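None of the figures in this text is laboratory data; all of them are computed from the coordinates on show. Quick caveat: nothing in here was measured; it's all calculated off a predicted structure. Backbone-built Cβ (ideal geometry, glycine too); neighbour counts: all protein chains shown.
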Amino acid sequence: MQAQKKFHLVFSCLMGAMMISIMTFVITMVNVGWSEQFLGLWMKAFGIAYVVGVPVIFFLAPIARKITGKVLGVTPA
């Protein structure tokens, strides 16, 4: 695997884990509050969201970079 592709894959996995953990924590907290069920519900939400979110990040991040470059008039690195 090319270094750039490998970088993008690892980036997508790490960014997914960070964003998804924060977002599922907040949404689970809003929906059920701090209860005995919280940890299990949060982990279930995280698992589902991670499986969906990482491929979305992997495929949409390059598109977002191109759009951002056009909006700002710069060439993405």
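Remarks
- Each residue, Leu39 and Thr75, gets one label point 7 Å from its Cα in the Cβ direction; the gap between the two is 5.2 nm.
- Note, ³J(HN,Hα) from phi for the range 39-51, Karplus 6.51, -1.76, 1.60, rounded to Hz, x at Gly and Pro: 4, x, 5, 5, 5, 5, 4, 4, x, 5, 5, 5, 5
- Spin-label zone in the range 36-77 - amide nitrogen under 19 Å from a point set 7 Å from the Cα of Ala17 along the C-beta vector: 42-59
- Estimated purely from DSSP H runs of n ≥ 4, each contributing -39500 (n - 2.57), the mean residue ellipticity at 222 nm for the chain is -30500 deg cm²/dmol once divided by its residues.
- Average Cα contact separation per residue, the chain, under 8 Å, 6 or more apart, as relative contact order %: 34
- Acute angle (nearest 10 degrees) that the helix 3-32 long axis makes with the longest principal axis of the chain, alpha-carbon atoms: 30
- Loop chymotrypsin sites (Phe, Trp or Tyr not before Pro), the chain, which have at most 16 other Cβ atoms in a 10 Å radius of their Cβ (DSSP): Trp34
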